[in-house]
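The values are calculated or read from the model by the stated rules, or taken from the named source; none is laboratory data. In this text the structure is predicted, and so the values were computed from the model without any measurement. Here the Cβ positions follow ideal geometry from the backbone for every residue, glycine too, while neighbour counts run over all protein chains shown.
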Amino acid sequence: MAETELRATMSDRKLPGDPAPYYEAHVFCCVNERPEGHPRGCCKKRGSERLRNYMKARAKELGLDGVRINQALCLDRCELGPTMVIYPEQVWYTYRTIEDAEEILQRHLIRGERVERLMLQPTDKVPEDLKR
Ligand code: FES
């Protein structure tokens, strides 16, 4: 089965008798830490913990009751981090600043838009402007 075929299949597995989603949106923010000098780097050393804490506190402050902001360990896209993925949409973002986090909250989670400049595509590796 081709990879794109598999992705479509995996995305469409909801069945009529399945329970309703518990959260409207479930956000996983990588806060994984790797040892100093690891070739892939890690989200924590790029400030992910502060960004995740901001997302969580701000979601509460904004009254986003159906939104759950969770910390996650490695999401295996370390070079592009800090990374997050939002379900049920399965949209991935890389975000580096509090302003990025706020924009994702305001546009994606509140207005249902996308923050295109921060979105990660399945084929994204390490864009030149994200190398650090
Ligand atoms: S350390 Fe964050 S994706 Fe691997």
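Looking at region 50-66, can you tell me whether even one residue there is at positive phi and surrounded by 15 or more Cβ atoms within 10 Å (Cβ to Cβ)? No; the residues of region 50-66 include none that is at positive phi and surrounded by 15 or more Cβ atoms within 10 Å (Cβ to Cβ). Of all residue pairs spaced 6 or more apart or on separate chains, those with beta-carbon atoms under 6 Å, a first member in region 58-79 that is modelled with pLDDT of 95 or more and within 16 Å of the ligand (Cβ to nearest atom) and a second member that is outside any loop (DSSP other than H, G, I, E, B) and polar (S, T, N, Q) are 75/83; 77/83.
On inspection, residue 14 does not qualify as more than 14 Å from the ligand (Cβ to nearest atom) and either assigned to a helix (DSSP H, G or I) or modelled with pLDDT of 95 or more (or both).
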